[in-house]
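Comments concern the structure below.
The values are calculated or read from the model by the stated rules, or taken from the named source; none is laboratory data. Just so we're clear, the structure is a prediction, and the values are computed from it rather than from any experiment. Cβ: placed from backbone, ideal geometry, glycine included. Neighbour counts: every protein chain shown. Surface accessibility is based on the protein's heavy atoms, side chains included, excluding ligands, DNA and RNA. Shrake-Rupley method; radii C 1.70, N 1.55, O 1.52, S 1.80 Å.
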Amino acid sequence: MTLAQTQQAFSAWLSTGASDAGMFGPSAQPGLGIYQNNYRSQLASCLEDSFAITRQWIGGEAFHDAMVHHVERVPPSSWTLDAYPRDFPATLALRYPDDPDVTELAELELALAEAFVGQDAEVIAAEQLAHTDWNEAVFRFSPTLDMLRSTTNAPAIWTALVNESMPPAAEYLSAPAALLVWRQDEVSRFRVLGTSEQRAILVMRNGLSFAALCVLLIDEMGDEAGIETGGAWLGQWLADGLLTDVVSNQSVA
């Protein structure tokens with residue numbers, strides 16, 4: 001067996017136990033067991049640290065079972081442990097198919113953590129827009145911005161648990177909602193979006209100018225309501241620290 005084959009076999013055994021560890025000889029077995037235990041303990045600790053609120057929601061025993069299942073099923077796919085938690089919500093979805101609140105709570109917890117370590121970017125303030133050509137203005141959004149689909153009251157559960165309050169019982173929303181997740185002033189935040197604002201952010205992230213957005217809103221709502229809605233969203237995005245730059249529509253083209 002070549003060195004590369006030995007390394008591959010050791011990696012497979014270490015992460016899944018799939019290969020025969022006997023190839024390394026009887027004298028190596030005690031050390032190998034300790035090595036594998038330390039390896040899996042590190043992965044488990046990573047998940048516990050990353051999903052403390054989810055663990056609190058489903059209970060320590062249930063979380064431990066899901067964690068063990070995940071460590072055995074999903075080996076690390078990146079050089080850094082920071083990436084390992086990303087697949088855990090999918091494991092929870094498999095284990096709790098009838099309880100989507102569990103998966104959505106984990107997805108929210110993961111998104112908040114990802115936003116916290118996301119790329120830095122200076123935000124723009126309202127005063128910087130004084131000389132903006134509104135016919136050409138295209139806004140850039142924070143690189144930490146993410147959107148999640150929510151079908152349950154997982155956000156309310158998360159808020160209650162973080163505030164050490166009695167969480168509400170899990171329930172479905174009357175209609176699916178979108179969650180906006182981002183970082184502002186070194187704090188990860190989220191809020192529920194209406195479907196119209198969600199669509200607006202999506203098309204503007206793809207390069208639609210603010211003027212073109214207002215035209216769409218006017219067509220949909222009428223002159224007064226369309227302009228008022230566009231202005232209210234812009235004010236909210238500025239207050240939330242979501243906007244990082246404004247460029248000319250001509251430069252985008």
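Quick look at the numbers
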{"quantity": "Radius, Kirkwood style, for region 81-216 when every pair of distinct Cα atoms is counted (Å)", "calculated": "16.9"}
{"quantity": "Ala232/Ser165 FRET efficiency (R0 25 Å; Cβ-Cβ; nearest 0.05)", "calculated": "0.25"}
{"quantity": "Spatial extent of region 161-253: Rg and Dmax, with the Cα atoms as the point set, Å", "calculated": "16.3, 52"}
{"quantity": "Summed side-chain charge close to Ala115 - residues other than Ala115 whose Cβ falls under 9 Å, Lys, Arg +1, Asp, Glu -1", "calculated": "0"}
{"quantity": "Sequence of Trp182, Trp158 from largest to smallest accessible area, 1.4 Å probe", "calculated": "Trp158, Trp182"}
{"quantity": "Region 141-253 - percent of accessible surface contributed by carbon and sulfur, probe 1.4 Å", "calculated": "52"}
{"quantity": "For Phe141, residues with placed amide H under 5 Å, excluding near neighbours", "calculated": "Thr244"}
{"quantity": "Residues with amide H under 5 Å from that of Gln184, placed H, sequence gap 5 or more", "calculated": "Arg189"}
{"quantity": "Distant-in-sequence amide H partners of Thr152 (H built 1.01 Å from N, under 5 Å)", "calculated": "Leu173"}
{"quantity": "In order through region 220-230: 3J(HN,Hα) via Karplus (6.51 cos²θ - 1.76 cosθ + 1.60), integer Hz, x for Gly, Pro", "calculated": "7, 10, x, 4, 5, 5, x, 5, 5, 5, x"}
{"quantity": "³J(HN,Hα), Karplus 6.51/-1.76/1.60, whole Hz, each residue of region 200-206, x for Gly, Pro", "calculated": "4, 5, 4, 6, 6, 5, 8"}
{"quantity": "3J(HN,Hα) from dihedral phi, region 167-173, Karplus parametrisation 6.51/-1.76/1.60, rounded to Hz, x for glycine, proline", "calculated": "x, x, 5, 5, 8, 7, 6"}
{"quantity": "Only Lys, Arg (+1) and Asp, Glu (-1) charged, at Cβ; region 53-157 dipole about Cα centre in debye", "calculated": "240"}
